[in-house]
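Below is one structure, written out as structure tokens; the observations come after it.
The values are calculated or read from the model by the stated rules, or taken from the named source; none is laboratory data. Being a predicted model, the structure only gives us computed values, none of them experimental. Please note: Cβ atoms are built from the backbone with ideal geometry, for glycine as well, and neighbour counts cover all protein chains shown. These accessible areas exclude ligands, DNA and RNA; they are computed on the full protein's heavy atoms, side chains included. Shrake-Rupley method; radii C 1.70, N 1.55, O 1.52, S 1.80 Å.
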Amino acid sequence: MAPTDPTTSSRWRPLHRLLAAMDDDIAQIYRDLGISDLKPTWVRELLRLEAHGPMTITELAESTQRTHSAMSQKVSAMQAAGFVRTRPGPDARSKRVTLTAKARRITGQLAAEWAATAELETEIPYPLSRAVADIQTALDHKTFRERILEHLDDAPSAP
């Protein structure tokens, strides 16, 4: 008897496809607007800087729930593309990040992405943000790692 194939139905693949399609639409809009050097993954940080003004890399990382290392790499990439600049921060180890004129010219257009997302949530009966919060609550109760380990305990071992 052949083993059952658990991959014949996917719980997460439709969500991944949906998010990829939305990201493709976002990237196309930016290209259509002539903002070809912008990565959609930078929008949150650019909008955060627009709303709150210059921030250190640490402050920006904390405000977006990223690690300092990841934010430092992202800031370097945004700086290379001309969207932010850095200068020494309040102490010798920190850098303060500020928007460039190039970024300030497009932040209104970038905010449209966030407005469209909020609008989309009003059109669905169960907002994705609620689903994410519910999943997080379930994972706070029992981590995904713990769940996998339980299934590993039940899995047949190799001969």
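Descriptive notes on the structure:
- Meets criteria (over 25 Å from Pro40 (Cβ atoms) and in contact (Cβ under 8 Å) with a residue 12 or more places away in the chain) for Pro125: no
- A single entry from Ile26, Ile35 fulfils the requirement of being surrounded by 15 or more Cβ atoms within 10 Å (Cβ to Cβ), touching a residue at least 12 places away in the same chain (Cβ under 8 Å) and outside any helix (DSSP H, G or I): Ile35.
- Pro159 being closer than 24 Å to Ala21 by Cα, open to solvent by 90 Å² or more (accessible area, probe 1.4 Å) and either at pLDDT 95 or above or not in a helix (DSSP H, G or I) (or both): no
- Candidate set from the range 96-109 (those that are part of a helix (DSSP H, G or I) and aliphatic (A, V, I, L, M)); member that is most open to solvent (accessible area, probe 1.4 Å): Ala101
- Scanning the range 54-63 for residues that are open to solvent by 20 Å² or more (accessible area, probe 1.4 Å) and of a type in the set (Ser, Thr, Tyr), we see that the one that is farthest from Val43 (Cα to Cα) is Thr58.
- Yes/no for Gln79 being exposed (fewer than 14 other Cβ atoms within 10 Å of the Cβ) and of a type outside the set (A, V, I, L, M, F, W, C): no
- Conditions (1) at pLDDT below 95; (2) at positive phi; (3) small (Gly, Ala, Ser); number of the one not met by Gly82: (1)
- Evaluation of Trp12 against (1) of a type in the set (Phe, Trp, Tyr); (2) closer than 30 Å to Pro156 by Cα; (3) open to solvent by less than 70 Å² (accessible area, probe 1.4 Å) (one fails), failing number: (3)
- Flag if Thr122 is loosely packed, with under 14 Cβ neighbours inside 10 Å, in a helix (DSSP H, G or I) and polar (S, T, N, Q): yes
- For the range 74-82, the criterion of being touching a helix residue (DSSP H, G or I) at 6+ places or on another chain (Cβ under 8 Å) and among the hydroxyl-bearing types (Ser, Thr, Tyr) is met by no residue.
- For the range 64-71, the criterion of a residue being among the charged types (D, E, K, R) and in contact (Cβ under 8 Å) with a residue 40 or more places away in the chain is satisfied by no position.
- Residue satisfying condition, being part of a loop (DSSP other than H, G, I, E, B) and crowded, with 16+ Cβ neighbours inside 10 Å, within set Arg93, Arg48, Arg66: Arg66
- Restricting attention to the range 38-63, the residues that are of a type in the set (A, V, I, L, M, F, W, C), touching a Lys or Arg at 6+ places or on another chain (Cβ under 7 Å) and free of Cβ contacts under 8 Å to residues at least 40 places away in the same chain add up to 1.
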